[in-house]
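Data block below; observations after.
Read-outs: derived from the displayed coordinates by stated rules, not from any lab. The shown structure was predicted, so the numbers you read here are calculated from the model rather than taken from an experiment. Note that each Cβ is placed from the backbone with ideal geometry, even for glycine, and that neighbours are counted across all protein chains shown.
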Amino acid sequence: MHVDQLIRMVNQMGSFFEAMPDRSEALHDLALHLKRFWEPRMRRELLAHLDAGGPGELNPVSAEAIRVHRALLE
């Protein structure tokens, strides 16, 4: 899957989880969603792209969820 599509999808999820009143729960739930429903290959591709400083901006909730719960996604 193209990394632009992955970024778009994770940003859509971030927008959804951003509405949750408990931010720490929202971040954890977003990371859990990625772990449960994204293939490992998709998660690896997104993380490798972000590590390489690739283009494509994550919204704040998505970026924080990935940063805080990275170990869960690897």
Item to complete: Starting with the fewest neighbours, write out MET1, MET42 ranked by other beta-carbon atoms found within 10 Å of each beta-carbon.
Response: MET1, MET42
Worksheet item: Once label points are set 7 Å from the Cα along Cα→Cβ at both GLU39 and ASP22, what is their separation, rounded to one decimal in nm?
Response: 3.4
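Could you work out how much longer the chain between GLN12 and ALA48 gets when fully extended? Use 0.36 nm per residue separation minus the Cα distance between them, nm to one decimal.
11.0 nm
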Response to the item:
Neighbours of HIS2 by Cβ distance under 12 Å: Lys/Arg at +1, Asp/Glu at -1, summed charge -1
Discussion item. Quick check: residue separation of GLU57 and ASP4 times 0.36 nm, minus the Cα distance between them. What number comes out in nm?
Written reply: 18.1 nm
Item to complete: State to the nearest 20 debye the size of the charge dipole of the chain about its Cα centre, where the only charges are +1 on K and R beta carbons and -1 on D and E beta carbons.
Response: 200
